[in-house]
1. Quick one: which residues, 5+ away or cross-chain, put their amide H under 5 Å from the amide H of LEU42? H built at 1.01 Å from N.
2. Rounded to the nearest 500, what is the chain's calculated 222 nm mean residue ellipticity when only DSSP H runs of at least 4 contribute -39500 (n - 2.57) each, over all residues?
3. For the chain, which whole-number percentage of the solvent-accessible area (1.4 Å probe, protein heavy atoms only) is attributable to carbon and sulfur atoms?
4. Counting only heavy atoms of the protein chains, get the accessible area per residue of the chain (1.4 Å probe) and round it to a whole Å² value.
5. What is the spin-label model distance, in nm, from ASN45 to LYS28 if the labels are put 7 Å beyond Cα along the C-beta direction?
Amino acid sequence: NIALPAVPHPRRSAIVLEIDDPDAVMAKARALGLTVYDEQVLRTNDGRVGREIGIVDFDGNLVVIYKILGEAK
């Protein structure tokens with residue numbers, strides 16, 4: 001029951017997690033009432049492509065989930 005100050009933008013840090021089933025994680029996050037940002041295309045430095053989604057947790061922290069969809073070309 002401690003009031004925390006709002007997290008200023010831009011966010012200074014985020015936890016980044018590789019997830020096997022981003023659709024399930026996004027659905028559960030929305031069901032909890034969390035903010036789920038629009039999905040973005042992830043392009044890695046070595047040419048792999050994947051999915052990337054930002055979620056804001058109950059404390060205002062940014063959680064980025066991702067899934068790599070293929071091997072480097």
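1. GLY50, ARG51, GLU52
2. Values: 1 runs with 10 residues, N = 73.
Here the helix-only value at 222 nm equals -4000 deg cm²/dmol.
3. Numbers: 2930 of 5600 Å².
That share works out to 52 percent.
4. Working: 5600 Å² over 73 residues.
Value for the chain: 77 Å² per residue.
5. So the two model labels end up 3.1 nm from each other.
The values are calculated or read from the model by the stated rules, or taken from the named source; none is laboratory data. The shown structure was predicted, so the numbers you read here are calculated from the model rather than taken from an experiment. Using ideal geometry, Cβ is built from the backbone for each residue, glycine included, and neighbour counts are taken over all protein chains shown. These area figures cover heavy atoms from the full protein model, side chains too; ligands, DNA and RNA do not enter into them. Shrake-Rupley method; radii C 1.70, N 1.55, O 1.52, S 1.80 Å.
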